[in-house]
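Accompanying notes for the structure given below.
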Amino acid sequence: MWIILSVTVLIILIVAYFQVPFSPLKSGFKKTIQTQASGSKESSEVFTAQEIEKLPVPVRKYFETCGFIGKPKMSYMKAFFKNADFLMSADKPKSKIDYTVYTFSETPARCALIETKMFGIPFQGVDSYVNGKGGMKGVLAKAITLFNETGEQLDSGNLVNVLSECLIVPSIALQDYIVWTAVDDTHAQAAITFYGITVSGLFTFSETGELMSFTTNDRWEVEPGGASKQIPWSVALSDYSENNGIRQPMNFKAIWHYAKGDSVYFDGSNISIDYY
């Protein structure tokens, strides 16, 4: 009798704990965002045709096609993906995640939060690039750390993430730490350098000026436990829609290009993008 009662009470406490909104990992994520946002200078400037003249032709066309000319420059972006498809590893089934990402422009920084469930138990993960340091941490049941990875591979890999979003947050594309190289009418190369690390990638555009993809060889797949390998990686963008006069992609796919074939490990369509 006492055993049954004790187990019942324990189950009630566990369920109640899961219902409490506080999470140490999520709280730390919010503090990081607040710190980065408070250190970002609010700009009163707008994007002008004159300042993009030095950019490669397809990048200039992107600014014009997507309606950024004359619009206020942003200090940072918040993007939220609801119920995105996510593959944590090739040997596991896809899961649905809520994904929140902040990307900052003046000093390259990015912090993303994953929220989902594993076997009914809450899982949260944070992927970050702050002050030149990359990190990846996953926590189960708000208390059990499954992995907490740092190192040079994540420093460079997460800097690649910033570069991949530099035209979604186009204030980044105009920063001195980004160098553009012309390729042709629908391609442009860019490199980003920060804290002594340089990574680069190729941007592909449609003939009308929409950004279609970003591809790089400078990203590392870092597995829980620290194992890592450098694999070609890309982001595919599609389904453009107008939001407050700006054309934004509504579908994002992140893809590992393995020798055995491509793996789309992130596919998000239910997106909101806001600028600050």
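The values are calculated or read from the model by the stated rules, or taken from the named source; none is laboratory data. Remember, predicted model here, so these are calculated numbers, not experimental data. With ideal geometry, Cβ positions are generated from the backbone for all residues, glycine too; neighbour counts draw on all protein chains shown.
Numerical summary
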{"read-out": "Test result for Lys54, among the charged types (D, E, K, R) and over 20 Å from Leu163 (Cβ atoms)", "value": "no"}
{"read-out": "Only listed residue being out of contact with any Asp or Glu (no Cβ under 8 Å at 6 or more places or on another chain), loosely packed, with under 14 Cβ neighbours inside 10 Å, part of a loop (DSSP other than H, G, I, E, B) and at pLDDT 95 or above, chosen from Gln34, Gln50", "value": "Gln50"}
{"read-out": "Criterion (modelled with pLDDT under 95, within 30 Å of Lys137 (Cβ to Cβ) and out of contact with any helix residue (DSSP H, G or I) (no Cβ under 8 Å at 6 or more places or on another chain)) met by exactly one of Asn270, Asn217, Asn243", "value": "Asn270"}
{"read-out": "Checking Gln248 against (1) assigned to a loop (DSSP other than H, G, I, E, B); (2) touching a Cys at 6+ places or on another chain (Cβ under 8 Å), the condition it does not meet", "value": "(1)"}
{"read-out": "Single condition Asp267 does not satisfy, out of (1) touching a residue at least 24 places away in the same chain (Cβ under 8 Å); (2) surrounded by fewer than 13 Cβ atoms within 10 Å (Cβ to Cβ); (3) of a type in the set (D, E, K, R)", "value": "(2)"}
{"read-out": "Number of the exception - Trp256 against (1) in a strand (DSSP E or B); (2) in contact with a Phe, Trp or Tyr (Cβ under 7 Å, 6 or more places away or on another chain); (3) crowded, with 20+ Cβ neighbours inside 10 Å", "value": "(3)"}
{"read-out": "Only listed residue being under 14 Å from the mean Cα position of the chain (by Cα), at pLDDT 95 or above and under 21 Å from Phe203 (Cα atoms), chosen from Cys111, Cys166", "value": "Cys166"}
{"read-out": "Pairs with Cβ under 7 Å, 6+ apart, first in the stretch 32-50 and over 12 Å from Phe104 (Cα atoms), second modelled with pLDDT of 95 or more and loosely packed, with under 12 Cβ neighbours inside 10 Å", "value": "Val46/Gly70; Phe47/Gly70"}
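Here's the yes/no breakdown for (1) charged (D, E, K, R); (2) exposed (fewer than 15 other Cβ atoms within 10 Å of the Cβ); (3) outside any strand (DSSP E or B):
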{"site": "Val179", "(1), (2), (3)": "no, yes, no"}
{"site": "Ala182", "(1), (2), (3)": "no, yes, no"}
{"site": "Ala191", "(1), (2), (3)": "no, no, no"}
{"site": "Ser200", "(1), (2), (3)": "no, no, no"}
{"site": "Thr204", "(1), (2), (3)": "no, no, no"}
{"site": "Glu207", "(1), (2), (3)": "yes, yes, yes"}
{"site": "Ser213", "(1), (2), (3)": "no, no, no"}
{"site": "Asp218", "(1), (2), (3)": "yes, no, yes"}
{"site": "Glu221", "(1), (2), (3)": "yes, no, no"}
